[in-house]
Amino acid sequence: MKFISTNGKTVEILKKYNLFPRKNFGQNFIIDPSVVIKIAKESCDKSTTTLEIGPGIGALSEQLCIYSKNLIAYEIDNNLIGILNENLASYDNFKIINQDFLKADLSFLKDVEIVVCANLPYYITTAILFKLFESDLKIKSINVMMQKEVGDRLMASENTENYSALSVIVQYLYDVKKMMKISKDVFLPKPSVESVVLTLKPRFKENINQELFFEFVKQSFGQRRKTIFNNLKKYLNEDKLNRLNLKYDLKKRAQEFSLAEFIKMFKEVCDE
Ligand code: SAM
């Protein structure tokens, strides 16, 4: 069987339907079966309901149909819907929804445990992730390919250049691990950036007001060059700031504080 994700089959499909990958939808199709097989195998199993964002012509979707119980995929590009249905006609566990994922109502999935697996459209990576984070879906894991630079920010530890409010917030919600690095050469067309696949697994949640905590973290990072004291001056009243100052070195910058320290500081002054 010739998988969709082979270079030959992808070129054949593009020619057959006179298709040109659309830059504005971030269309870079995977042309290496070993990549999509590994992602599918590591993300799901035969008991899994899998949610895919941006199936394209079905390279990863095909493997997700093979390795999971069923697949629900959102594709924004009308031109690809007929092609996907045809390419995946031999799988009866595949459902395609022709919609912008960012506008999708996911409430029909709320009672099902799901695994998210996708080669994301890079121009909306963080918007898609935050839609998932803020949803009330029962997410077992999120396994997604993204631009390496974004992956580096999500995985970054304190005292590194890429560490930001985004790193703290994502790592508060999920354990973030790298599944694999992806070379530019496995895409058609070849993108200008390197990629990475990350796995995010929900972590134990603290008993704190999450929304306020995220605001505290964002305010702490306000201006990267400023000390955390100066950033928090506008956010906390004098009494709270002084209390914090007695216990922590607020002359440091936000990027020098770990997730655990952010949680402790927040509990000290904001979560009351
Ligand atoms: N999964 C395919 C693969 O790996 O070969 C294609 C991945 S391609 C990087 C991203 C896909 O996301 C494209 O098919 C694109 O049309 C689709 N897409 C872009 N924006 C979208 C949106 N807002 N909602 C759903 N799909 C979207």
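The values are calculated or read from the model by the stated rules, or taken from the named source; none is laboratory data. Values in this document were obtained by computation on a predicted structure and should not be read as measured data. Glycine gets a Cβ as well: all are built from the backbone with ideal geometry, and neighbour counts include every protein chain shown. Only protein heavy atoms, including side chains, enter the accessible area calculation; ligands, DNA and RNA are left aside. Shrake-Rupley method; radii C 1.70, N 1.55, O 1.52, S 1.80 Å.
Going by the alpha-carbon gyration tensor, a ≥ b ≥ c the square roots of its eigenvalues, is the chain rounded (a/c under 1.5) or, if a/c is not under 1.5, prolate (a/b greater than b/c) versus oblate?
Verdict is prolate for the chain.
Using the heavy atoms of the protein chains alone and a 1.4 angstrom probe, what is the accessible area of the range 210-269 per residue in square angstrom?
Here the per-residue accessible area is 58 Å².
Might you work out the accessible area of ASP152 for me, using a 1.4 Å probe with all protein chains in place, and round it to the nearest 10 Å²?
For ASP152, the solvent-accessible surface is approximately 40 Å².
Tally Lys and Arg at +1 and Asp and Glu at -1 over the other residues with C-beta under 15 Å from the C-beta of GLU113: what net charge comes out?
+3
In percent, what relative contact order does the chain have, based on Cα pairs under 8 Å that are 6 or more apart in sequence? Mind showing how you got there, number by number?
Working: 447 pairs, mean separation 38.8, N = 272.
Answer for the chain is 14 percent.
Helix 238-247 versus the longest principal axis of the chain: what is the Cα-based angle in degrees, 0 to 90, to the nearest 10?
80 degrees
So how tilted is helix 259-269 from the main axis of the chain? Cα-based, degrees 0 to 90, rounded to 10.
It works out to around 50 degrees.
Normalised by the empirical 2.2 N^0.38 Å for globular proteins, what value does the Cα Rg of the range 210-269 take? Each step should come with its number before you reach the end.
Numbers: Rg = 10.1 Å, N = 60, 2.2 N^0.38 = 10.4 Å.
Compared with the compact-globule rule of thumb, the range 210-269 sits at 0.97.
Given the C-alpha centroids of the range 84-99 and the range 1-67, what is the distance between them in whole angstrom?
The range 84-99 and the range 1-67 have Cα centres spaced 12 Å from each other.
What is the dipole size for the chain, taken about its Cα centre, with +1 at each Lys and Arg Cβ and -1 at each Asp and Glu Cβ, in debye to the nearest 20?
Charge dipole of the chain: 640 debye, to the nearest 20.
Quick one: which of 127-135, 166-174 comes out on top by average Cβ neighbours within 10 Å, and what's the full order, highest first?
Sorting 127-135, 166-174 by mean packing, highest first, produces 166-174, 127-135.
Pick from SER157, SER107, SER183: which is most flexible by mean-square fluctuation in a GNM of the chain where alpha carbon atoms under 10 Å apart are linked?
For the chain, modelled as a Gaussian network with Cα springs under 10 Å, the answer is SER107.
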